[in-house]
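Structure, as structure tokens:
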2 protein chains.
Amino acid sequence: MNLKEKDDANRSSAAHRIEQELLDEISVGALAPGQRLDETGLAERFGASRTPVREALKRLTAQGVLVQGEKRGVFVAEYSREQLSQIFEAMHEIEAACARIVSQRLNLLSRSEIEAAQSECIVAAEAGDRTAYLKANEAFHLAIYNATGNPYIAEIASEFRRRTGPFRAKKFASAEDLLTSARNHEELISDIFSEDSAAASRSMRDHMTASFIETLKAN
Amino acid sequence: MNLKEKDDANRSSAAHRIEQELLDEISVGALAPGQRLDETGLAERFGASRTPVREALKRLTAQGVLVQGEKRGVFVAEYSREQLSQIFEAMHEIEAACARIVSQRLNLLSRSEIEAAQSECIVAAEAGDRTAYLKANEAFHLAIYNATGNPYIAEIASEFRRRTGPFRAKKFASAEDLLTSARNHEELISDIFSEDSAAASRSMRDHMTASFIETLKAN
DNA sequence: TTTGAGTAGATTGTATACAAACCATAATGT
DNA sequence: ACATTATGGTTTGTATACAATCTACTCAAA
């Protein structure tokens, strides 16, 4: 059980449920950037009153996944190309630091967790199953974050993945895209497992640069 | 007007006001780590109903500044020494990245903003005014974050400062501590302004290491 | 045709009431 | 004396009503 699931297990209120479902939908792009969310509509949809909807929306705006309009309205966060590049730059720094730290701290458990996550990526990519791949890809990166042994670094990195999820999801248009991504993971893992922290950091930066370029193309 | 102030200017609800006041009190240590917050007590204190109090608390738990008890209760986040060191490690990485980026991107405006902020630190330190120094110190670091030109990096760094504020505040016990800190800034600025990004990064890491050690001693 | 004022409906923020869950203490049983 | 159960008070989560604010549309005047 990772940090996020532990938190979830203790909270089963309507507000929490709504927050999670919205977060999931945003991450996979089912709620599009810029889309307006409507309290009363959401209340009807989730079979609850406005109160837990508002509480969920408050938490999501505090997390930056939603943004509050100047006068009214709550919207799925959207970003210009410039903003997206700034987010990726920030993400770049975090991910490179993660890779460097992991390469210095690998142990049997973390190594096998990363390998297991990558196996799932390969299975999904070879099956051409986009939905499964999106999920496996997130799990792969999460395994790397967890391998830092630092929950705060993992949380920051995860937060950036949440924010960029909808944009990144669009680059996996074809079965070939899935296979390419899974192959890129192999090279990344090789560098991280080399215990050469500079190589690990550089490899992750390359991976993120490629990810960014594909994301720009797809958005 | 930086990112945070812009956001504030558009929101004057009771919930928002309560969130800000609690955040301020937590940052300066007026609300102690581990302290329990009580919805009805806060409602009375702020002259509002429980609803905006709950909304403020929801946002603060989403930001990690408060933590929700397993069954009930909301508490000011507290950290063991190990957790504090993990947070500082994460902060270390962000701050070092900031210093490196700033040294590569300095312009007249950002340079003069950093210098102005440091002047305020010196004034406060020489006056032995702890409260003013705490404020000026935060403004100094914020000027560095803003100089990255990347609001997302600045926001992450600011978030760590918010979380560690109560613990860091305790290291400024004497007037001499203020002067030492202000002198450390001078060295840091010199390296950042050298346009040598590796030196800037290393200098910031040294600064953060010293900060961490003093924080551990004081807590 | 354009502009400004007014209005109705929609949205937001909040207060309050109610029910469920939790917890501490007292009473009862072994 | 110790363990279990019951009870009352507190806390949490939510629904609903109300008031304030915002927005879009209509109509009249220039």
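Taken residue by residue, segment A:124-143 has at least one member that is of a type in the set (F, W, Y) and buried (at least 20 other Cβ atoms within 10 Å of the Cβ).
Exactly one residue out of A:A139, A:A169, A:A132 is aliphatic (A, V, I, L, M) and in contact (Cβ under 8 Å) with a residue 24 or more places away in the chain, and it is A:A169. Residue check: A:Q68 meets all listed conditions (1) assigned by TED's automatic domain parsing to the domain that holds A:S203; (2) under 30 Å from B:A15 (Cβ atoms) but one, namely (1).
When each of B:E176, B:E155, B:E159, B:E138 is tested for being farther than 29 Å from A:F160 by Cβ, outside the structural domain of B:S27 (by TED's automatic domain parsing) and part of a helix (DSSP H, G or I), the lone residue that passes is B:E176. Scanning segment B:153-208 for residues being within 13 Å of chain A (Cβ to nearest Cβ), of a type in the set (K, R) and surrounded by 16 or more Cβ atoms within 10 Å (Cβ to Cβ) gives a total of 2. Assess whether B:V28 counts as being touching a residue at least 40 places away in the same chain (Cβ under 8 Å) and outside the structural domain of B:F212 (by TED's automatic domain parsing). Considered against the rule, which asks whether it is touching a residue at least 40 places away in the same chain (Cβ under 8 Å) and outside the structural domain of B:F212 (by TED's automatic domain parsing), B:V28 comes out as yes. The criterion of being in contact with a Lys or Arg (Cβ under 9 Å, 6 or more places away or on another chain), within 16 Å of DNA strand C (Cβ to nearest atom) and at the interface with chain B (Cβ under 10 Å from one of its Cβ atoms) holds for A:Q68.
B:Y145 - would you say it is part of a helix (DSSP H, G or I), without any contact (Cβ under 8 Å) to a residue 24 or more places away in the chain and within 14 Å of chain A (Cβ to nearest Cβ)? When the stated conditions are applied, B:Y145 does not pass them.
Every condition in (1) modelled with pLDDT of 95 or more; (2) within 23 Å of A:R163 (Cα to Cα) is met by A:L84 except one, and the failing one is (1). When segment A:34-65 is filtered for residues that are near DNA strand C (Cβ under 9 Å from one of its atoms), within 10 Å of another protein chain (Cβ to nearest Cβ) and within 14 Å of A:L23 (Cα to Cα), the ones remaining, listed by number, are A:L57, A:K58.
Within segment B:49-75, being over 28 Å from B:E138 (Cβ atoms) and more than 8 Å from DNA strand D (Cβ to nearest atom) holds for B:S49, B:E70.
Of all residues in segment A:67-102, those satisfying the criterion of being under 21 Å from A:G41 (Cα atoms) and without any contact (Cβ under 8 Å) to a residue 40 or more places away in the chain are A:V67, A:Q68, A:G69, A:E70, A:K71, A:R72, A:G73, A:V74. The single condition among (1) more than 8 Å from chain B (Cβ to nearest Cβ); (2) in contact with a Ser or Thr (Cβ under 8 Å, 6 or more places away or on another chain) that A:A97 does not meet is (1).
The values are calculated or read from the model by the stated rules, or taken from the named source; none is laboratory data. Just so it is clear, the model here is predicted, and its values are computed rather than measured. Quick reminder, even Gly has a Cβ in these numbers, built from the backbone with ideal geometry, and neighbours come from all protein chains shown.
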